[in-house]
Amino acid sequence: MKRRIQDILIVTFFAIPASFILILSLIYASPTNPIVNYLMERKALNNQVNMGCLYYSSTYKKEGYIGYYFKINGVRIKDLNLTLPNFPFAKKEVQFINEFHQNFKQRKQYCYYVQYIQIDLFFQRYVFIYDLI
């Protein structure tokens, strides 16, 4: 009986919080996780698309690659995570980044009008570009 109570306490105090932490870490591990992708696609199907400005925020360097951070509605997003594969902007993304890079000095103060989808999930805000306007 005493061993059974110890097992229950171990599960209650260690296994449940550990699994909760594991689930949260999976959600936050990547901005393109399956839960966020599913919710974004559902919002796109239901026409819950917002309009706003995409602004240049800052530059980063990683292994010989120069990348950009942008802001939409105050949320900073990385150039590698701008959209989802099913969104119309996905076909234009590479061209957009290349043109931005070529005309960086002129375009870094520019406002790009975009349609975007935003989800607030567990204290984290996700924003993906749906399409350029």
Label-point separation (nm) for Y113 and E41, each offset 7 Å from Cα along Cα-to-Cβ? 3.0 nm
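Do any chymotrypsin sites (Phe, Trp or Tyr not before Pro) in segment 89-129 lie in a loop, going by DSSP, with at most 15 other beta-carbon atoms within 10 Å of their beta carbon, and if so which? Working shown, then result.
On the way: sites: F89, F96, F100, F104, Y110, Y112, Y113, Y116, F122, F123, Y126, F128; in loops: Y110, F122, F123.
Qualifying residues, ordered by number: Y110, F122, F123.
Each reported figure results from applying straightforward, stated rules to the coordinates on display, with no laboratory input. None of these values were measured; they are calculated from a predicted model. Neighbour counts are summed over all protein chains in view; Cβ atoms, including those assigned to glycine, are modelled from backbone coordinates with ideal geometry.
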